[in-house]
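What follows is calculated from the coordinates using simple rules that are stated; it is not laboratory data. Note that this is a predicted model, so its numbers are computed, not measured. Quick reminder, even Gly has a Cβ in these numbers, built from the backbone with ideal geometry, and neighbours come from all protein chains shown.
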Amino acid sequence: MSAAALPAAMAPERAFRWACCMDLRALKPGNVAASRPGHGMSGRDFLLSARLSAVALCVPQAPLGQRLRDAASATRDAVGCNTNLGILLLCAPLLMAAQQRRAGQGLRKAVMTVLQNADLADTENLYQAIRIAAPGGLGDAPKHDVRDPVEASVLEVMAEAAHRDRIAAQYVDGFRDLLGARRETLAGDWRRWQSLSWATTALYLGYLAEAPDSHTLRRQGAQTARWLMEQAAPLADAVAASDDPRRLRGQLLTFDRELHAQGINPGTCADLTVATICGLLLEPDPGADRQTTRDAAAGRARP
């Protein structure tokens, strides 16, 4: 497939696996890459996780929570560690929505329907998925802890965590970042540079510079998370402004080595990157979602 033009919409399982592969091929400072192991994991671990979890995530008619639980279990059984919980949490609603949306319905609206319909059984399976993955730095939550009995819907649980976790915030915001401006910028950079790999690098750096990485915040604290943002911001600006981002490869590799040396793994930004790519591959021309947004704005403007 040529990277010079956007492809037609992909089937859900293929879109997910393709997004995961592209995540490993792109230069993303601090993260594991196909040729760059780190943080006790290898590119092979991520590829195997993607292949096995894709099956569970795309079971027709399966509810959201079941997809998450079974995908987390498949990953843990295969690689023995948490390689992709954030990816699963973000991509499961996307893939389910792509399978179930009505003709002419935009992906973002379909995702919101999936989330609104998630019930207490989905929350229980969500909790199980998180316990199976056992992400580092999870800690205890004052409300809706994953070890406690289920008392709330998926959206209510995510709303409680949204102020401290960027993945939870996507649920609350209706995947606004993944299926909004970030996706359109990714598509534009892909066309501009004729390289999805460099468009992925730019996307990742944009997420890094925008807000504290939740994984870094949990594992290494607010000071390190803020430092990471400050270091990423000029690189994000430089790549975004470049006609040929390959010229910045040396600076990016230096930053990558620095992050690996300090054990800093911006995993949440990587998860957001994978899910944004997946959303673009599922819906390269989000016209229906743009129309929905315009209609909603027009409705609010009426007296």
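Just in the stretch 194-239: which trypsin sites (Lys or Arg not before Pro) are loop by DSSP and have at most 15 other Cβ atoms within 10 Å?
Numbers: sites: ARG218, ARG219, ARG226; in loops: none.
When the trypsin sites (Lys or Arg not before Pro) of the stretch 194-239 are filtered for loop state and at most 15 Cβ neighbours within 10 Å, nothing remains.
Does the chain come out rounded, prolate or oblate, given a ≥ b ≥ c as the square roots of the eigenvalues of its C-alpha gyration tensor, rounded meaning a/c under 1.5 and, failing that, prolate meaning a/b above b/c?
Details: a/c = 1.41, a/b = 1.10, b/c = 1.28.
Judged from the Cα gyration tensor, the chain comes out rounded (a/c under 1.5).
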Next item on the list: Take each uninterrupted DSSP H stretch in the chain, measure its Cα extent along the helix axis, and return the ones at 30 Å or beyond whose mean Kyte-Doolittle hydropathy is at least -1.0.
Entry: 214-241
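What shape does the stretch 99-227 take by its C-alpha gyration tensor, where a ≥ b ≥ c are the square roots of the eigenvalues and a/c under 1.5 counts as rounded, a/b above b/c as prolate, and the rest as oblate? Don't skip to the end; give the middle numbers.
Details: a/c = 2.50, a/b = 1.23, b/c = 2.04.
Note, shape of the stretch 99-227 comes out oblate.
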Checklist line | Three-way shape label, the stretch 165-244, alpha-carbon gyration tensor, a/c 1.5 | finding: oblate
Check: Taking Cα pairs under 8 Å and at least six residues apart, what relative contact order does the chain come out at, in percent?
Finding: 27
Notebook entry, point to check: Do the sum for the chain: with -39,500 (n - 2.57) for every DSSP H run of n ≥ 4, divided by all residues, what is the mean residue ellipticity at 222 nm, to the nearest 500 deg cm²/dmol?
Noted result: -21500 deg cm²/dmol
